[in-house]
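A.B. asks: My structure is below; once you've seen it, I'll send some questions.
The values are calculated or read from the model by the stated rules, or taken from the named source; none is laboratory data. Quantities reported herein were computed from a predicted structural model and do not represent experimental measurements. Cβ: placed from backbone, ideal geometry, glycine included. Neighbour counts: every protein chain shown. The accessibility values were calculated without ligands, DNA or RNA, using every heavy atom of the protein model including side chains. Shrake-Rupley method; radii C 1.70, N 1.55, O 1.52, S 1.80 Å.
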Amino acid sequence: MVETTKNSGEKLSVSSTKTLTLKRGGVEQGVVRQSFSHGRSKAVVVEKVKRRIAGPSETKAEAAAPVDRATAPKRPAIKSAAAAAAVATAPAAAPAAPKSSGVVLRTLTEEERSARAHALADARLREAEERKIAEEEARIRQSREEAERTERAKAEARKHDEEERRKHDEETKRKADEVAKKRFGVETATVKPGGARPSLEADEEEAPRVRRGGAAARPAPAPKAPRSGGEKRRGRLTVVTALSADEIRERSVASFRRRVQRMTGHRDEPKEKIAREVTIPETITIQELANRMAERAVDVIRILMQQGHMAKITDTIDADTAQLIAEELGHTVRRVAESDVEEGMFAAPDDPANLQPRAPVVTIMGHVDHGKTSLLDAIRSTDVAAAEAGGITQHIGAYQVTSPSGGRITFIDTPGHAAFTAMRARGAKITDIVVLVVAADDGVMPQTVEAIQHAKAAKVPIIVAINKIDKPDAKPERVRNELLQHEIQVESLGGEVLEVEVSAKEKRNLDKLLDVIALQAEVLELTANPNRPAEGTVIEARLDRGRGPVATVLVQRGTLKPGDIVVAGSEWGRVRALVADTGHSVVAAGPSMPVEVLGFNGTPEAGDRLAVVATEGRAREITDYRVRQKREKMAARQTGMRGSLEQMMNQLKIAGRKEFPLVIKGDVQGSIEAIVGALEKLSTEEVAARVIFAGVGGITESDVTLAEASGAAVIGFNVRAHKEAREAAERAGVEIRYYDIIYALVDDVKKAMSGLLAPTLRETILGNAAILEIFKVSKVGNVAGCRVTDGVVERGANVRLIRDNVVVHQGKLSQLKRFKDDAREVVAGQECGMAFENYQDMKVGDVVECYRVESVQRTL
């Protein structure tokens, strides 16, 4: 092996049989043999590297020299910024004299120098962050230790106070024991002198105990000297017995009470009677009454038995009986009714100081096709009339416009058709002013008279608007004179009722009409309090497929806001949104403002009063009561309560009439109400329309199922059936009819109901014949020879046999012969032979009357 030296401390080994290796100088090698189990051993080469401190001149050479990573130990990481600075400044130091190896290391580049500078800066930042973290931890630790010291101090103080209290209690107890010993010491001495038992008694007690244990009998132990400390302790040793070792055993209060009860026979002490105020509804169970009085139910039943009434604990008694029982037991009674849940909803009066002016509510009324909706369209510059089916208004609408003077006016448009009487009455009740529209070319009509009656019943002023004055045949004076017949005297005729001649088509005198309405409103001095919970009336209600139940509400008092809990009839809900008549959402609705309210749980009925309540619980309580009332009324109507003789007669009268069952679905509640009312008017004593179900919304599958079960037809007014409902109707064979005009609906139902009527039988006299001779024919019977006196006699016609002006037989003509031939008919002046069905008692001189019976279909 030939070794050559390269650099200082490194040798390059070259051998002919081994590979070229680079050995490090300053390394000591040794061989260590390791022994293992089963006689195995292994030789391990151990190298020992001498550690030396590198100077500045050696740093460069050591950095440039290649190092075997497998054998060289890892250098320790830089622990501080100072050490890193020393390492970084080392390349910049003056180079030392090179060693004998002659290797010159390169200097650091700018990139390396900047990288080392960044490393130093990062190290300084890390040290600063670590220092801050350490300071924060020290501060937290110090505060925690301070809190622990405070808690320890408080615990020590509590422990000290407890110790003081315990010492005070022990001292008090000790003093009490000394006083007790002084008080009872003499008696104890007289009863048990010396406080010790004789030894004989101890022997007698010890001997049986030993025998029971099963051991051999032992001689009795020598008698011990009597103890001066009292009796021997018995029982097991516990903390209580240990602490109360020196106490004298006395009877406890509970033990003394038990002894007294045993001696007196468990007599209970009489308790003080407590009089309570008992709330009693219209009906109450015995158990509930006893609970409210805090009495036993047995006592209540005993009082009822004394009154001769046998009852169980679950029986219900009326309010009068409950009041007698409560007063007999010494309680005061407060009677309440089930309807008390509605108290305070609408009766709260307003302070006159809080009243503010409000817009007038004007209802437009009149006969059908007199231009009510067209007049309102001209005022609002809209075209609502064109959207109505058939050109007639079938919905009640509410709108708000601005008058020329700047004030707001709320208009309510009502239908003029005869079927919408309830709508017109509802509009008259909630209005301040009624505008009576009368066509100048048509005059006063039946619905005009009805509108006048509604306005008078509501005690509201009337303004007459004579419309269609642009027509050639318009006669306003005729209208004025016809109104006089119904006690409506206009100003032009010396009365007090305001009148305006208008033309909705040409928009003539519309400003004058609005001014007259504003003048009438000023006279009325309309005011309301907007700063209170809202109250109003439901004008119309419908079920919208996208928005759910929607109610058109006219706010009358207060302000309605989203989020309010409202109750209307038997429905309640939380207001989700308020939509004005223009279609825009509003944040609040004040007095006299019509809005659409979204958020009801169900569709309320038109005409229901709306009120805002404080909580959902109150709303549920009110609606539950109203639902029960409605259910009871419906059950009473269906069962036909026999409250009077008149009702019983009515039930007997309609018992045999035929019924035409119907299931009606409409778009709004008002239309449903009008349809049901119109169909009820069609009913007679023989046939009636029975509405099984009437509701708002589209026709559903459940409606078809109900119609199938009851054999009814389904009618949709401005609504359509769902896909599932149509398929179910096709399978079940249920007829669904759609209508958008109430005229057509009522006419079709009228025709269908007419088909249920029994037809009328009408007789037509054909002719008379006199019997001249009676012939007896074999296999036929008696045959009457007759001469036709007037008219015609037909074979198969109905006949009456009259004898001395008395009908003796009524039947049919079985045979008619002319000479020996059968004849179809025989005219007057000719003779013929007649035979009757199932009758042979004819006589000469009888008169045969021949007639035909015709069936005539009746109509309603």
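A.B. asks: How much length is gained on full extension from residue 634 to residue 171, taking 0.36 nm per residue of separation minus their Cα-Cα distance?
C.D. replies: Here the segment from residue 634 to residue 171 would lengthen by 158.4 nm.
A.B. asks: Measuring with a 1.4 Å probe in the full set of protein chains, what accessible area per residue, in whole Å², belongs to region 483-625?
C.D. replies: About 45 Å² of surface per residue is accessible.
A.B. asks: Based on the mean of other Cβ atoms within 10 Å per residue, sort peptides 496-505, 753-762 so the most packed one is first.
C.D. replies: Going by the mean number of other Cβ atoms within 10 Å, highest first, we get 496-505, 753-762.
A.B. asks: Near residue 776, which aspartates and glutamates are there with a Cα under 13 Å away, not counting those fewer than 8 places off in the same chain?
C.D. replies: 841
A.B. asks: I've got another one for you. Using only the Cα atoms of region 650-799, build the gyration tensor, take square roots of its eigenvalues as a ≥ b ≥ c, and label the shape rounded, prolate or oblate: rounded if a/c is under 1.5, else prolate if a/b is larger than b/c, else oblate.
C.D. replies: Prolate is the answer for region 650-799, as a/c is 1.5 or above and a/b outweighs b/c.
A.B. asks: What does the net charge come to around residue 464 if you take all other residues with beta carbon closer than 9 Å to its beta carbon, with K and R at +1 and D and E at -1?
C.D. replies: Result for the neighbourhood of residue 464: 0.
A.B. asks: Here's another thing I want to ask about it. What does the highest-first list of 841-847, 806-812 look like by mean Cβ count within 10 Å?
C.D. replies: Listed from highest to lowest mean packing, they are 841-847, 806-812.
A.B. asks: In this model, which of 512/561; 658/723; 459/681; 817/843 are farther than 30 Å apart at the alpha-carbon?
C.D. replies: 512/561; 658/723
A.B. asks: Can you tell me the length gained on complete extension of the stretch residue 130 to residue 42, counting 0.36 nm per residue apart and subtracting the Cα distance?
C.D. replies: Value of the extension gain: 26.8 nm.
A.B. asks: What is the distance, in nm, between label points placed 7 Å from the Cα along the Cα-to-Cβ direction at residue 519 and at residue 353?
C.D. replies: 3.7
A.B. asks: Give me the number: length gained by fully extending residue 792 to residue 471, i.e. 0.36 nm times residue separation minus the C-alpha to C-alpha distance, one decimal in nm.
C.D. replies: 109.5 nm
A.B. asks: Then there's this: Find out how many positive minus negative residues lie around residue 728, taking Lys and Arg as positive, Asp and Glu as negative, among other residues whose Cβ is under 11 Å from that of residue 728.
C.D. replies: Residues close to residue 728 contribute a combined charge of -3.
A.B. asks: If I model a spin label as a point 7 Å beyond the Cα along the Cα-Cβ vector, how far apart are those points for residue 821 and residue 181 in nm?
C.D. replies: Label at residue 821, label at residue 181, 16.0 nm between them.
A.B. asks: How much net charge surrounds residue 830 when only the other residues with a Cβ under 9 Å from the Cβ of residue 830 are counted, with Lys and Arg +1 and Asp and Glu -1?
C.D. replies: Summing Lys/Arg as +1 and Asp/Glu as -1 gives +1.
A.B. asks: So, one more: Specify whether the C-alpha gyration tensor of region 781-849 places it in the rounded, prolate or oblate class, a ≥ b ≥ c being the square roots of the eigenvalues: rounded for a/c under 1.5, otherwise prolate if a/b is larger than b/c and oblate if not.
C.D. replies: The shape class here is prolate.
A.B. asks: Let me ask another. With +1 assigned to the C-beta of every Lys and Arg and -1 to the C-beta of every Asp and Glu, and no other charges, what is the dipole magnitude of region 748-858 about the Cα centre in debye, to the nearest 20?
C.D. replies: 260
A.B. asks: In nm, give the distance between the simple-model label positions of residue 298 and residue 33, each being 7 Å from the Cα along the Cα-to-Cβ direction.
C.D. replies: Roughly 10.7 nm, to one decimal.
A.B. asks: Whose amide H sits under 5 Å from the amide H of residue 605, counting only residues 5 or more places off or on another chain, with H placed in the peptide plane?
C.D. replies: Close amide H contacts, sequence-distant or interchain: 570.
A.B. asks: Next question, about the same structure. Report the FRET efficiency, 1/(1 + (r/R0)^6), for residue 307 and residue 251, where r is their Cβ-Cβ distance and R0 is 41 Å, rounded to 0.05.
C.D. replies: Once rounded, the FRET efficiency stands at 0.25.
A.B. asks: Tell me the per residue accessible area of region 720-766 using a 1.4 Å probe; a whole number in Å² is fine.
C.D. replies: Accessible surface, normalised per residue, equals 63 Å².
A.B. asks: Ok, one more. Beta carbons within 10 angstrom, averaged per residue: use that to sort the peptides 527-538, 133-144, highest first.
C.D. replies: So the order, starting with the most tightly packed, is 527-538, 133-144.
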